[in-house]
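Enquirer: Following this message is one structure expressed as structure tokens.
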């Protein structure tokens with residue numbers, strides 16, 4: 001975990017702000033401060049200055065006093081159940097008062113007052129990515145949530161821009177480059193796909209490096225470098241359109257390969273045991289696969305799914321192309 005010295009460091013020395021969108025407006029990152037505004041000018045308008053936290057604090061504080069008073073009265077009158085209910089309600093309102101006091105949003109935060117900033121990606125319920133900001137106000141720690149304009153997992157360009165700016169400014173903790181796994185590894189074979197991702201992020205859902213490595217362990221073989229790069233860019237979802245090709249997402253790869261292995265054993269046990277094949281897609285009734293021992297960028301083959309009479313396992317259909325070229329071909333067809 002970085003210390004405060006790392007958090008306050010900056011690469012923005014020219015005085016011009018780095019700007020990214022949030023769900024409620026804009027965030028301007030200056031060398032000495034962060035400004036939250038409804039506009040890109042950095043001028044805090046009257047709308048920005050509106051703060052309703054005082055009203056909320058007063059309401060919860062008032063309710064806490066009323067509920068506590070009722071609880072004490074009921075306890076004196078031996079109405080213990082009602083008193084307990086009022087006490088729980090009073091304690092809840094007290095908790096809300098304290099929580100709102102510590103979570104009041106600020107329009108301006110000095111960078112030297114920032115304690116930490118942590119990226120939280122979308123989950124099953126919370127669909128937007130956001131950043132948790134902890135900073136000091138009057139000597140006390142306060143927290144604030146910066147909700148980004150979209151989801152990292154769904155490839156939102158503005159969300160990625162926000163994370164890249166905060167990472168370059170050395171404000172985010174535990175994030176490599178922009179939080180996208182493929183940017184933490186050297187892309188050697190899937191550069192065409194990575195470039196296409198930059199302009200069409202909505203077509204892909206990337207996979208975490210740890211998830212890919214976990215699948216490698218399950219399969220018992222390391223993936224070719226070309227396929228590893230592919231998974232880091234589009235492992236959880238590939239929505240490129242190309243005829244009848246269905247790319248298997250990370251969650252289905254294990255099941256699909258077990259399924260093909262079972263069929264291969266039934267029709268040609270020698271092939272099933274001798275060839276370390278790995279299927280990654282389905283096309284027009286055929287499994288599309290490569291050999292795990294085929295090098296860093298293996299050739300792509302096809303196998304019929306349910307027609308053993310016409311399937312020669314010893315001589316599978318070769319597409320005469322490497323995996324990276326196969327993906328590049330599909331990328332090219334989606335550009336037109």
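Enquirer: Are any of the residues in the stretch 246-254 in the same structural domain as residue 322 (by TED's automatic domain parsing), in contact with a helix residue (DSSP H, G or I) (Cβ under 8 Å, 6 or more places away or on another chain), surrounded by 17 or more Cβ atoms within 10 Å (Cβ to Cβ) and part of a helix (DSSP H, G or I)?
Expert: yes
Enquirer: Same structure, new question: Please report, ordered by residue number, the helices (runs of 4 or more DSSP H) entirely within the stretch 20-108 with at least 2 residues that are surrounded by 14 or more Cβ atoms within 10 Å (Cβ to Cβ) and at pLDDT below 65.
Expert: 80-102
Enquirer: Quick test of your reading of the structure: residue 235 fulfils all but one of (1) at pLDDT 85 or above; (2) surrounded by fewer than 21 Cβ atoms within 10 Å (Cβ to Cβ); (3) in contact with a strand residue (DSSP E or B) (Cβ under 8 Å, 6 or more places away or on another chain). Name the failing condition by number.
Expert: Every listed condition holds for residue 235 apart from (2).
Enquirer: When you check residue 325 against the structure, is it in the same structural domain as residue 227 (by TED's automatic domain parsing), modelled with pLDDT under 85, surrounded by fewer than 20 Cβ atoms within 10 Å (Cβ to Cβ) and not in a loop (DSSP other than H, G, I, E, B), yes or no?
Expert: So residue 325 does not fit the description; no.
Enquirer: Given the criteria within 17 Å of residue 230 (Cβ to Cβ) and either modelled with pLDDT under 85 or assigned to a helix (DSSP H, G or I) (or both), does residue 183 qualify?
Expert: yes
Table: residues versus (1) touching a helix residue (DSSP H, G or I) at 6+ places or on another chain (Cβ under 8 Å); (2) at pLDDT below 65; (3) under 17 Å from residue 204 (Cβ atoms).
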residue	(1), (2), (3)
121	no, no, yes
125	no, yes, no
133	no, no, no
141	yes, no, no
145	no, no, no
151	yes, yes, yes
159	no, no, yes
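Enquirer: If you don't mind, there's one more thing I want to ask. From the set of residues in the stretch 223-245 that are in a loop (DSSP other than H, G, I, E, B) and touching a residue at least 40 places away in the same chain (Cβ under 8 Å), which is farthest from residue 331 (Cα to Cα)?
Expert: Per the stated criteria, the residue is 223.
The values are calculated or read from the model by the stated rules, or taken from the named source; none is laboratory data. If you're wondering where the values come from, they're calculated on a predicted model, not measured in any experiment. For neighbour counting, all protein chains shown are included, and Cβ atoms are generated from backbone atoms with ideal geometry for every residue, glycine included.
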